[in-house]
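Just so it is clear, none of the values below were taken in a lab; they were calculated from the coordinates. Predicted model, so just to flag it, every value in this text is computed and none were measured. Neighbour counts are summed over all protein chains in view; Cβ atoms, including those assigned to glycine, are modelled from backbone coordinates with ideal geometry.
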Amino acid sequence: MDNFIVSARKYRPATFESVVGQQHITNTLKNAIKNNQLAQAFLFCGPRGVGKTTCARILAKTINCENLQPNGEACGVCASCQSFQNGNSFNVHELDAASNNSVDDIRSLIEQVRIPPQGVRYKIYIIDEVHMLSQAAFNAFLKTLEEPPHYAIFILATTEKHKILPTILSRCQIFDFNRIRVEDMATHLASIAKKENISYEPDGLHIIAQKADGGLRDALSMFDQIVSFSGGNVTYRSVIDNLNILDYDYYFNITDSLLSENNSQTLLLFDEILGRGFDGSHFISGLSEHFRNLLVSKDQATLKLLEVSEGIKAKYLQQSQASTVSFLLSALNIANQCDLSYKLSKNQRLQVELALLKMCNLLSIFNLATSPLTTANSQPAGGELKKKPDSTEVVIKQESKLNNELSIASDPPTAYQTAKNQVIDKQPVNDTKKDEPAEKPKVFIPNSHASVTSVKIPSLKDMGKTAQEVLEEEDPYIKGTAKEDFTPEQFSKCWSDFAAQLKAEGKKNLLTIFISNPPKLVSPNSYEIIVENKVQENLFRDERPNLLNCLRTSLKNFDIEVSVRIDEKAVVKRPYTAIEKFQHMAAKNPALIDLKNKFNLDFD
């Protein structure tokens, strides 16, 4: 019985044309060989199983080919190609840096570089997993890599480019290998299946290609495993059973249950998935991928991002038409949050079930959010039909809600109270009191010349009116133009009342400012208060809007202004520390100094 050779070795590419999914690299290498523009060092980097070492070997064979083909490929029949294929070439040396990573190994390599090639033009050194070399080995390799003999070419391969020294990278031509596309891998697996007389289903090969995650070697290993498992018949069912992959049909059925708002069916399907041995985290991540594919299927421009077979793609297109973008985005967000919090949850099954129930009721929430405020067909418990609200009443309610939110957001307490009165006064009036005049609501609007003002937003009833018409309908007090005279005693009383309010609120720092430093009249209706430092100034500025509200509304004069200024000299400095208090008392009674010195007293 012949020895079995795995597909990854049996069908390893021997020419540049047979390399899968790396045409941008193979074309560059062929042109460099044809134009005789070979660098002294190449660095092939990329994920596992994408053809780095394979391309390095093909390049080494092609460089020394005696009968180079017009398309840049090796002939495969000359003495150099034959010796390379048989593994007995003296001009190609392959070193595994994972097991030969010391300085001594690199020194041995440098000694070999001094020996010229035998019968060919170049001597090639392939160093695989070069990132495993030690720091000292890299430093020993630098000089030879930068200035090798004219006949020496180094080909380095690695999966972790970031671990290589920048001095090494600067001496190499770097080629970045891409992950192999799902379509390219599925096509390559189909060609191998035909050569081996293996029956297959395209959906099964696509599942293998997706599971390989861009690595062709992984795909070929799984292909051999499934061929052995299924007896030479690679079907969709045999692939998902052998690789323990959750079937697409589960995700389609779950989504149908979510769209139909069938809570019980959704939970039963999830229980069946858990019964088959799948993890909840694996399911929720797969469901997120399913929602992403449905979003991709909504637009023809993004349909190329769907890496599935044609049969599965038709199912995605059909289900995407039955789901809305808003549902898919919301469900995708819920699934993502569940995936993030899954590992931290103590009851992980409940975490997934709760997410599924939220998704299942998304459509009901959307319908509730887009439905009108009240419908003409709504009927109360008494059996009496509810009257549809008039459009004017709806506008008044919306306006009241808007004014209430704006007033609550502002700091002054007076604005909140007046806005509350405004909402009450704007409610529909009963028919029995239709003739009675309604009291005008009093709304505080700060002075437009003040340094701290708020933006006035027009109400809904004023839409469409000119600014002059709105001003004519308002009285001078509402416009904030009242300028009634007041006496200094009235101002002092209002100032004291506001200080008492601060004391009741427990604002001791502010209370000290208001009590210790009375305001000074600078100009008519303009006052100035002096503070000691920047901290007091910031405290006063934060409380200034409330102070102006109190003064202007109480004295009915909207021209009142209160400014703040820092003046350390003008303010009487009070003793604060123990030393300052002693010095203050000693200035009045010098005998305290003798007492302190006589008994050798100290401060606490």
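Things to note:
- Cβ-based exposure ranking for Leu274, Leu363, Leu258, in which fewest neighbours within 10 Å come first: Leu274, Leu363, Leu258
- Leu43 long-range amide H proximity, modeled H, under 5 Å: Leu156, Gln173, Ile174, Phe175
- Paramagnetic label zone (point 7 Å from Cα along Cα-to-C-beta, Arg107; backbone N under 19 Å) in the range 138-166: 138-145
- Counted residue by residue at 0.36 nm each, then reduced by the alpha carbon distance between them, the extension gain from Leu243 to Gln265 reaches 5.3 nm.
- The distance separating the Cα centre of the range 207-254 from that of the range 305-358 comes to 22 Å.
- Cβ crowding within 10 Å, taken as a proxy for footprinting-reagent exposure, orders His162, His282, His290, His131 from fewest neighbours to most as His162, His282, His131, His290.
- Per-residue HN-Hα couplings for the range 349-366 [Karplus 6.51, -1.76, 1.60; θ = phi - 60°; Hz; x = Gly/Pro]: 5, 4, 4, 6, 5, 5, 5, 5, 5, 5, 5, 5, 10, 5, 5, 5, 5, 4
- Beta-bridge orientation, the range 488-566: approximately 35 percent antiparallel, per DSSP, counting only bridges with both partners inside.
- Computed from label points 7 Å out along Cα-Cβ, the spacing between Asn3 and Glu528 is 10.1 nm.
- Debye-sum result for the range 216-262 in log10 I(q)/I(0), which assumes one identical scatterer on each alpha carbon, at q = 0.13, 0.16, 0.17, 0.23 Å⁻¹: -0.42, -0.54, -0.58, -0.77
- The range 66-194, dipole about Cα centre (Lys/Arg Cβ +1, Asp/Glu Cβ -1), debye to the nearest 20: 160 debye
- For the pair Lys507 and Asn86, label points projected 7 Å from Cα toward Cβ lie 9.8 nm apart.
- Size descriptors for the range 1-111 (Cα atoms only): Rg and Dmax, in that order, 15.4, 47 Å.
- Cross-link check: pairs Lys534/Lys598; Lys52/Lys298; Lys195/Lys298; Lys143/Lys211; Lys61/Lys304; Lys161/Lys211 evaluated at a Cα-Cα cut-off of 31 Å; pairs beyond the cut-off: Lys534/Lys598; Lys52/Lys298; Lys195/Lys298; Lys143/Lys211; Lys61/Lys304.
- Inter-label distance, Met585 to Leu317: 9.6 nm, where each label sits 7 Å from its Cα along the C-beta direction.
- Ranked Lys123, Lys508, criterion: other C-beta atoms within 10 Å, fewest first: Lys508, Lys123
- Karplus (6.51, -1.76, 1.60) ³J(HN,Hα), θ = phi - 60°, over the range 169-183, in Hz, Gly and Pro reported as x: 4, 5, 9, 10, 8, 9, 10, 9, 8, 8, 5, 7, 5, 4, 5
- Panel values: the range 182-242, Kirkwood radius from alpha carbon pairs, Stokes-Einstein at 25 °C and 0.890 mPa s, translational diffusion coefficient 225 µm²/s.
- Amide H partners (placed H, <5 Å) of Val564, local residues excluded: Ile529
- Residue by residue, the range 81-90 carries 3J(HN,Hα) couplings of 5, 5, 5, 5, 5, 7, x, 10, 7, 8 Hz when phi is fed to the Karplus relation 6.51 cos²θ - 1.76 cosθ + 1.60 (θ = phi - 60°); x denotes Gly or Pro.
- Selection of trypsin sites (Lys or Arg not before Pro), the range 1-74, meeting DSSP coil and at most 16 other Cβ within 10 Å: Arg48
- Summed over all non-identical Cα pairs, the Kirkwood treatment of the range 33-81 gives a radius of 12.0 Å.
- Per residue, the convex hull volume that the Cα atoms of the range 488-566 enclose (Å³): 81 Å³
- For Ile126, residues with placed amide H under 5 Å, excluding near neighbours: His93, Glu94, Leu95, Ile155
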